[in-house]
Amino acid sequence: MKKNIKTQILCHILLIAGLIVVVLPMLYMISTSLKPNGALYEFPPRFFPDLDEITLENYQYILSQKKFYINFLNSIFVSVSSVLLTALIASAMGFVIARFNFPGKKFLFAFIVLTMIVPGMTLIVPQYELAVKLNAINSLAALIPFYVAWTIAYSTFMIKGFVENIPKELDEAIYMDGGSVFTVFRHAILPLAKPGIASVSIFNFLTAWEEFPWANTVINDDLKRTLPIAISGFFGQHQFTQWGYVFALSVFSLVPILLVFIFCQKFFVAGLASGSVKG
């Protein structure tokens, strides 16, 4: 009994320590966004500003800049489009690999798994050459196919596992009623695999929303840039980094992520639960 109590206390201590590690950077970001830009360099440094020092000037500056609204909408467009395309293609591929036998099936699945091992940064040079040949440089819509290509392997791998947990008897019942493969996919696989699709879509949204190196490589126009590039624009301006503006814009960039997690939380939890049980 005492051993169980000690174990529970240790677990709670570890969880609290992990919570502090995760929450402190976010609290520091919010507190810094409420300070004047010069207050960051004061000594000794303070984690929280005094109540009379709290200012909204950083947020007012961000909201007064039209280009940041455009950058925000650019990120929304690219992220949502990438997520929807990846979900559609990966769910179809996961369904085909899980349900049908065809020549080269094992090779195809092995190839999909192998592509997950390759670091993305090692492909940036051939990707750039491909983007040049496709005339996709400085094109916002051209980001979407590359983001889909990055996430489709992982998404297919995960969705295939969820489809395999769906009883094949459902497919057979639809076939017996005269349904086609597309009927099975639309009315049986997609609804039942929704938790898995939602789970990978959350990660895919984060990937597209936070991606910086590739977007910074191919996008040169300020009005076509996404939020991560807009945030980086404050670094080194006027011979020092305007951290107040950086953190204020970073706080705004967290809003869509929080909304995605809030509205998709039940699907995310259900996806983790169903994905942890086989059969």
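Can you give the angle from 0 to 90° between the axis of helix 194-210 and the longest principal axis of the chain, with both taken from C-alpha atoms, to the nearest 10? Tilt of helix 194-210: around 40 degrees. Counting only pairs 8 or more residues apart or on different chains, how many lysine pairs in the stretch 65-275 have their Cα atoms under 16 Å apart? Lysine pairs meeting the criterion: 7. Remark: T7, T151, T207 ranked as T7, T207, T151, counting other beta-carbon atoms within 10 Å and listing the fewest first.
Which of rounded, prolate, oblate describes the stretch 163-250, given a ≥ b ≥ c as roots of the alpha-carbon gyration tensor eigenvalues and a/c under 1.5 marking rounded, otherwise prolate only if a/b is larger than b/c?
Prolate.
By the count of neighbouring beta-carbon atoms within 10 Å, fewest first, T156, T122, T183 end up ordered T122, T183, T156.
Using only the alpha-carbon atoms, how far is helix 66-99 inclined from the longest principal axis of the chain? Give it as 0 to 90 degrees, nearest 10. Tilt of helix 66-99: around 20 degrees. The I124 and L206 beta-carbon pair, evaluated with R₀ = 25 Å, returns a calculated FRET efficiency of approximately 0.80.
A Förster distance of 22 Å, applied to the separation of the beta-carbon atoms of L84 and A149, puts the FRET efficiency at 0.90.
Using a simple spin-label model with pseudo-atoms 7 Å out from Cα toward Cβ, E164 and Q65 lie 4.8 nm apart.
Helix-derived [θ] at 222 nm for the chain: sum -39500 (n - 2.57) over DSSP H runs of at least 4, divide by residue count, nearest 500?
Calculated from helices alone, the mean residue ellipticity at 222 nm is -23000 deg cm²/dmol.
Sorted largest first, the principal axis extents computed over the alpha-carbon atoms of the stretch 115-207 equal 50, 24, 19 Å. Oblate is the label for the chain, because a/c, from the alpha-carbon gyration tensor with a ≥ b ≥ c as root eigenvalues, is 1.5 or above and a/b does not exceed b/c.
A crude spin-label estimate for the pair S31 and K106, with each label 7 Å from Cα along the Cβ direction, gives 5.8 nm.
Assuming R0 = 30 Å, can you tell me the calculated FRET efficiency for the pair I5 and L258, based on Cβ-Cβ distance, to the nearest 0.05? Efficiency for this residue pair is about 0.25.
Stretched out straight at 0.36 nm per residue, the stretch from H187 to F47 would grow longer than its current Cα-Cα span by 45.1 nm. What is the angle, in °, between the Cα long axis of helix 124-133 and the longest principal axis of the Cα atoms in the chain? Nearest 10 is fine, range 0 to 90. The angle comes out at about 80 degrees.
Here the extension length gained between K194 and L19 equals 60.0 nm, from 0.36 nm per residue of separation less the Cα-Cα distance.
Between A92 and K133, the modelled labels are 2.4 nm apart [label points 7 Å from Cα along Cα→Cβ].
No lab work stands behind these numbers, since they all come straight from the coordinates. Remember, it's a predicted structure, so these values are computed and weren't measured experimentally. In this analysis, Cβ positions are derived from the backbone assuming ideal geometry, glycine residues included, and neighbour counts consider all displayed protein chains.
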